[in-house]
Structure formats: structure tokens, C-alpha cells
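Below: one structure, written as C-alpha cells.
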Amino acid sequence: MRHWLLKSEPDVFSFEHLKRRPDRTEPWNGVRNYQVRNMMRDDMRVGDLGFFYHSSCAVPGVAGVVRISSLGKPDPTQFDPKSEYYDAGSKPDNPRWLLVDVSWEADFTKFVSLEDLRKEPRLADLLVLRRANRLSITPVTPRDFDLICKMGGMKK
């Protein structure tokens, strides 16, 4: 099993939005970065766990845990001219962009803020803490995943 951190702006789509979905599952669409697309295509597997990270907000941080619930598949928003994620260069017979479905897995009893992550010296190598990291999905080591789960109040 691999572990991930998935960023979303909470005013666009939050962890609470995901939990309110009837099946608590949502396509992680709109990714327009080749490196992230390649991770979804080559590395993400059904059953992998990830953090739902609120970004570009007053208090960024980890809100809870999600499970990857589909393999990478074409993102239909790339073909929709009305979508902000439309890509005229992407064709249905050769799609450029992928998505994975994510499902709610677990709540944290404590929101783990970016400040909390930065204060924990054992998380110094966490990719989301690196300067200029703009990737919307990053891998997380099993050790870091377990530590952040503990910080969030999850018991294993």
C-alpha cells in the first residue's frame, strides 16, 4: 500500500463536502500537471490511503483520511468546453488527463495544521513542506503517514 497527500481548496471542495456525498466518493478531477497525472496512472492503486489536505486557505492542513477507490481513468472535464478544466488538445481516443476516485475513510479528532506539520522535526522531509512545491498530489512515506495520523488523534 502507498500513501498520498491530496490538496484541495476547501472553498472549492472540502473534506466535509466529500463526507456529505451519498456514497462519500468523488472523482479527483481537474489535475493538469504531468507529474501528478503520471503518479495517478502509474503509482496509485485501489486501497491506497491518503490525506485530504486543505490548501490556499486561512489555516491549511490535514483534515482527514481518504482511500483511493479507482485506478486512474480519463478525466471527463478535459473534453467539456464549459469546464474550467477543458483542454482542446486532449482527444477522447488519446486522453491527456486522468483522475482517480477518492472515498472518505476516517475523520481526525484534531485538524493537523501546516504549522503543526512544520513544528514536527520528524516530518522535515514531507514534500508538502518543501519550498516551491506546487504539486496537488504527493507521496507520503508510511512512517510519516502513521505520525500524522497520530497527530490527528487517530488510533490504529
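The values are calculated or read from the model by the stated rules, or taken from the named source; none is laboratory data. Treat the numbers as computed from the prediction; the structure is a model and nothing was measured. All Cβ positions, glycine included, derive from the backbone under ideal geometry; neighbour counts span all protein chains shown. Side chains included, ligands, DNA and RNA excluded: accessible areas come from the protein's heavy atoms. Shrake-Rupley method; radii C 1.70, N 1.55, O 1.52, S 1.80 Å.
Hey, can you find the accessible area per residue of region 79-130 for me, probe 1.4 Å, expressed in square angstrom?
63
When the distances between all Cα atoms of region 65-127 are binned every 10 Å from zero, what whole-number percent does each bin get?
Using 10 Å bins, I get a P(r) of 18, 26, 26, 24, 6 for region 65-127.
May I ask for the Kirkwood hydrodynamic radius of the chain, worked out over all distinct Cα pairs and given in angstroms to one decimal?
About 16.0 Å, per the Kirkwood formula over Cα pairs.
Return the FRET efficiency for the residue pair ASP93, LYS119: r is the Cβ-Cβ distance, R0 is 41 Å, and the value is rounded to the nearest 0.05.
0.25
Quickly rank 140-153, 62-75 as a protection proxy: mean count of other C-beta atoms within 10 Å, highest first.
My ranking of the peptides, most packed first, is 62-75, 140-153.
State the three equivalent ellipsoid semi-axes of region 10-87, derived from the C-alpha gyration tensor as the square roots of 5 times its eigenvalues, in descending order and whole Å.
Value: 20, 17, 14 Å, ordered largest first.
If you stretched the chain out fully between ALA106 and LYS155, how much longer would it get, using 0.36 nm times the residue separation minus the C-alpha to C-alpha distance?
That works out to 16.6 nm of additional length.
Given the -39500 (n - 2.57) contribution per DSSP H run of 4+ residues, what per-residue ellipticity at 222 nm results for the chain, rounded to the nearest 500 deg cm²/dmol?
Here the helix-only value at 222 nm equals -5000 deg cm²/dmol.
Quick one: which of LYS110/LYS155; LYS19/LYS119; LYS7/LYS150; LYS73/LYS150; LYS19/LYS150; LYS73/LYS110 span more than 23 angstrom between C-alpha atoms?
In this structure, LYS19/LYS119; LYS73/LYS150; LYS73/LYS110 exceed 23 Å between Cα atoms.
So, in nm, how far is label TYR86 from label ARG143 when the simple model puts each one 7 Å beyond its Cα toward the Cβ?
Distance between the two pseudo-spin positions: 4.8 nm.
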